[in-house]
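S.K.: Shown below is the structure under consideration.
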Amino acid sequence: MSLFYEDFTVGQVFAGGGRTIPEAEMIQFAHIYDPQNMHVDRLHAEEGPFHGLIASGFHTICLAWWLFLQLGLVHDSMWVGIGIDALRWHRPVRPGDTVSLQVEIVDKSPSSAPDRGRVTFSHTLTNQNGEVVMTYHSLNLIYCKVAP
């Protein structure tokens with residue numbers, strides 16, 4: 001069920017389901033978009049600073065965005081995303097990890113267009129141990145329920 005600009009309140013928190021990341025998916029993504037040894041070469045990764053394969057940070061943000069969309073909050077109400085701020089990777093995501101998303105509304109303001117407003121979501125991605133693996137803020141234009 002989509003929420004519209006008027007439905008969001010600063011401080012609201014939404015939690016999404018988890019998704020387990022298979023090693024083959026991590027390697028495939030990295031081969032296409034981020035072909036660094038720590039993401040694609042198991043042997044090299046074992047000897048590297050993370051002592052094993054880790055997901056590309058770009059794969060991790062794609063997973064977080066997918067989990068956000070799965071919440072269904074903005075399926076019918078998002079006009080467009082404006083940007084991402086304060087992106088931080090706190091811990092690596094490893095093959096077989098299950099990541100879950102929590103989203104909090106941290107800001108809301110009218111836009112120059114009368115039929116939509118700005119909503120800032122704070123995204124926190126955690127692994128199966130409850131450890132924060134990534135955080136970021138997304139700023140989006142969300143339609144109003146009724147255009148003036």
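S.K.: State which residue is farthest from the chain's Cα centre (by Cα) when the search covers only region 72-86 and only residues that are among the hydrophobic types (A, V, I, L, M, F, W, C) and surrounded by 16 or more Cβ atoms within 10 Å (Cβ to Cβ).
M.R.: So the first thing to find is which residues in region 72-86 are among the hydrophobic types (A, V, I, L, M, F, W, C), and the list is 73-74, 78-80, 82, 84, 86.
Adding the requirement that they be surrounded by 16 or more Cβ atoms within 10 Å (Cβ to Cβ) leaves 73-74, 78-79.
Numbers: LEU73: 14, VAL74: 14, MET78: 16, TRP79: 18 Å.
The residue in question is TRP79.
S.K.: Another one. If we keep just the residues of region 97-116 that are more than 21 Å from the chain's Cα centre (by Cα) and of a type outside the set (Asp, Glu), which is surrounded by the fewest Cβ atoms within 10 Å (Cβ to Cβ)?
M.R.: Among those that are more than 21 Å from the chain's Cα centre (by Cα) and of a type outside the set (Asp, Glu), it is SER112.
S.K.: Test of understanding: among PHE58, PHE14, PHE29, which residue is at pLDDT 95 or above and within 17 Å of VAL132 (Cβ to Cβ)?
M.R.: Criteria check complete, one pass: PHE14.
S.K.: Pull out all pairs, ordered by first then second residue, where Cβ-Cβ is under 9 Å, the residues are six or more apart or on different chains, the first lies in region 123-148 and is within 16 Å of SER112 (Cα to Cα), and the second is assigned to a strand (DSSP E or B) and acidic (Asp, Glu).
M.R.: What qualifies is LEU139/ASP85; LEU139/ASP107.
S.K.: Out of the residues in region 41-53 meeting the condition of being within 11 Å of GLU23 (Cβ to Cβ) and modelled with pLDDT of 95 or more, tell me which one is surrounded by the most Cβ atoms within 10 Å (Cβ to Cβ).
M.R.: Going through the qualifying residues, I end up with LEU53.
S.K.: Please tell me if VAL80 is within 19 Å of VAL13 (Cβ to Cβ) and among the aliphatic types (A, V, I, L, M). Let's see the steps before the verdict.
M.R.: Numbers: within 19 Å of VAL13 (Cβ to Cβ): no; among the aliphatic types (A, V, I, L, M): yes.
For VAL80, the condition - within 19 Å of VAL13 (Cβ to Cβ) and among the aliphatic types (A, V, I, L, M) - is not met.
S.K.: Going by what's in this entry, would VAL132 be described as touching a Leu at 6+ places or on another chain (Cβ under 9 Å), modelled with pLDDT of 95 or more and crowded, with 19+ Cβ neighbours inside 10 Å?
M.R.: Working: touching a Leu at 6+ places or on another chain (Cβ under 9 Å): yes; modelled with pLDDT of 95 or more: yes; crowded, with 19+ Cβ neighbours inside 10 Å: no.
So VAL132 does not fit the description; no.
S.K.: Next question, about the same structure. So, in region 10-38, of the ones that are aliphatic (A, V, I, L, M) and in contact with a Leu (Cβ under 8 Å, 6 or more places away or on another chain), which residue ends up surrounded by the most Cβ atoms within 10 Å (Cβ to Cβ)? Talk me through it step by step, then tell me what you get.
M.R.: If we filter region 10-38 for residues that are aliphatic (A, V, I, L, M), which is where we start, we get 10, 13, 15, 21, 24, 26-27, 30, 32, 38.
Adding the requirement that they be in contact with a Leu (Cβ under 8 Å, 6 or more places away or on another chain) leaves 15, 21, 26-27, 38.
Working: ALA15: 14, ILE21: 20, MET26: 24, ILE27: 20, MET38: 18.
Checking each candidate, the answer is MET26.
S.K.: Please go through region 135-148 and give me each residue that is outside any strand (DSSP E or B) and either surrounded by 12 or more Cβ atoms within 10 Å (Cβ to Cβ) or of a type in the set (D, E, K, R) (or both), ordered by number.
M.R.: Step one: of region 135-148, the residues outside any strand (DSSP E or B) are 144-148.
CYS144, LYS145 - these are the residues of region 135-148 that are outside any strand (DSSP E or B) and either surrounded by 12 or more Cβ atoms within 10 Å (Cβ to Cβ) or of a type in the set (D, E, K, R) (or both).
The values are calculated or read from the model by the stated rules, or taken from the named source; none is laboratory data. Just so it is clear, the model here is predicted, and its values are computed rather than measured. Cβ sites come from the backbone with ideal geometry, for glycine too, and all protein chains shown count toward neighbours.
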